[in-house]
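Below you'll find the structure, written out as structure tokens, and then a few comments.
The values are calculated or read from the model by the stated rules, or taken from the named source; none is laboratory data. On a predicted model such as this, the values are computed, not experimentally measured, just so you know. Glycine gets a Cβ as well: all are built from the backbone with ideal geometry, and neighbour counts include every protein chain shown.
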């Protein structure tokens, strides 16, 4: 799954579901130029992992689970 798809799948979970406009614009710009998770700044890595964890805790299947 591509990085943008991971963010999209987790977008309904905290903290991604409550981003300010400026943060959303920053994230969108990053996703246009970054291909790998490791290339993201730490704050966005943490936000994605938190959202994915919350999503899996709520009964949704995590993005990367098989």
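Values computed for the structure shown
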| quantity | calculated |
| --- | --- |
| Region 18-40 residues that are within 11 Å of residue 4 (Cβ to Cβ), paired with ones that are in a helix (DSSP H, G or I) (beta carbon under 8 Å, 6 or more apart) | 27/7; 27/44; 30/44; 31/3; 31/4; 31/7; 34/3; 35/3 |
| Among (1) modelled with pLDDT under 95; (2) out of contact with any helix residue (DSSP H, G or I) (no Cβ under 9 Å at 6 or more places or on another chain) - the single one residue 64 does not satisfy | (2) |
| Qualifying residue in region 14-21 (condition: more than 13 Å from the chain's Cα centre (by Cα), at pLDDT 95 or above and exposed (fewer than 10 other Cβ atoms within 10 Å of the Cβ)) | yes |
